[in-house]
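The values are calculated or read from the model by the stated rules, or taken from the named source; none is laboratory data. Computed from a predicted structure; not experimentally measured. Neighbour counts run over all protein chains shown; Cβ positions are idealised from the backbone, glycine included.
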Amino acid sequence: MSKTIRNQNEILKKLNIEKLNPMQEEATYAIHSSNEIILLSPTGTGKTLAFLLPIIAELDENCNEIQTLILVPTRELAIQIESVVREMGSGFKANAVYGGRSGSKEKIELKHRPAILIGTPGRVADHIRRQRFTTEHITTLVLDEFDKSLEIGFEKEMREIILELTEVKKKILTSATKGVEIPDFVKLKNPNEIDFSDDGIPKLEVKIVVSPDKDKLETLVKILSNIGNTPGIIFCNFKDTIQYVGEFLDKEGIRYGTYYGGMEQQDREHTLLKFRNGSHKLIIATDIAARGIDIPELKYIIHYQLPVKEKEFIHRNGRTARMNTEGTAYILTWKNDNLPEYISNIEEVKFEYKPIPKSPQWVTLHINGGRKDKISKGDIAGLFFKQAKLNKDEIGIIELKQDAVYVAVHKNKADFIINKLNNTRIKKKKVRISVI
């Protein structure tokens, strides 16, 4: 193993974080001093770092088996936590396992044991059944967004996994929701509850926009034209609605990405990548985008359709007004709609048409080589600056993955870069470049 880093200040420096927020400070202390912790805090407040810092500090660098298991409800959250562990640069290995990718590839990855395994309950249970790793050294269990895992039907697998974890000494449960019942099979005896669930909520504004038309599409465009080129999410209840709304936005020349359960995993990841680097400023999504995805802070979200349950309404709104920033949730309703009981005393606002904002100036390039090929962000930047002669304002965010690199470039330069650099050799790898 490479040099391990346990010092919190060193890790925060690598992450460019000056200091922990109050929730993270209290949670870190509690996890060090208690064996059963329930951490309640809104989406986007930094719960992942709050539990990873003390976990990494307590790992045994002489153990070559999995020591910590983190169960998550979604693939996206698994990928996000794995990425955070890598960015922390502690020297401890982490792997994410989840449905929608090759189980045989994961089998190969697990032969070189990570210290931290992150995964969805279904895929983790499958690996345990196939005896892909031993559970004898797993002493810490994290159930991240545990209520969401239960909601989407993972109770059986979670029960099965916990029964196999006979050596667990520390249990950490996290949620963005207060008052969720802890299932008996977790076997908590006297948990220490860290409750920051109400932190920052007053900075969220909720407003109603009434549409004269049942389809609400013209009014939706009015909202978007007034908000301008600010990143946001339009929430719908169904995939068919996403396609219907998307077709209308296409006609209006508004660029967007989509995000829903029926999409291929790679397409979902590409949507988030392009959103993070500014290739599009808008996502049309179902409730799976309400939590557990890695995107920047949003100034607004729009409820094109309202969810049935208030809990999902709260989680959607949690995508904005995060980390003590301000944000607005717009409820778009037809004039004859009956609003659910959880909506009351909300200010109505009206919008007039404004010119549609210009579409983003960035597109995303995919390069088929990554961390496993010893390629770095510096290699990519050097290639684009030196060989393609790009200026600094023509290249945007670079995201480095295990087997790929994604680069935001000015849309007027994309074809030139591909023609100039396709099949170029980086390190020892000949790479192909394409637009996604």
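Key figures
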read-out: Flag for Lys354 being surrounded by 13 or more Cβ atoms within 10 Å (Cβ to Cβ), over 25 Å from the mean Cα position of the chain (by Cα), farther than 14 Å from Thr424 by Cβ and not assigned by TED's automatic domain parsing to the domain that holds Glu109; value: yes
read-out: Looking only at region 152-164, and only at residues there that are free of Cβ contacts under 8 Å to residues at least 60 places away in the same chain and farther than 22 Å from Ile55 by Cα, the one that is surrounded by the most Cβ atoms within 10 Å (Cβ to Cβ); value: Glu157
read-out: Residue that is surrounded by the most Cβ atoms within 10 Å (Cβ to Cβ) [pool: residues in region 377-406 that are free of Cβ contacts under 8 Å to residues at least 60 places away in the same chain and in a strand (DSSP E or B)]; value: Val405
read-out: Unique match (being in contact (Cβ under 8 Å) with a residue 12 or more places away in the chain, surrounded by 14 or more Cβ atoms within 10 Å (Cβ to Cβ) and more than 25 Å from Ile17 (Cβ to Cβ)) among Gly327, Gly253, Gly318, Gly232; value: Gly232
read-out: Filtered residues of region 47-69 (kept if of a type in the set (D, E, K, R) and either touching a Ser or Thr at 6+ places or on another chain (Cβ under 8 Å) or not in a loop (DSSP other than H, G, I, E, B) (or both)); value: Lys47, Glu58, Glu61, Glu65
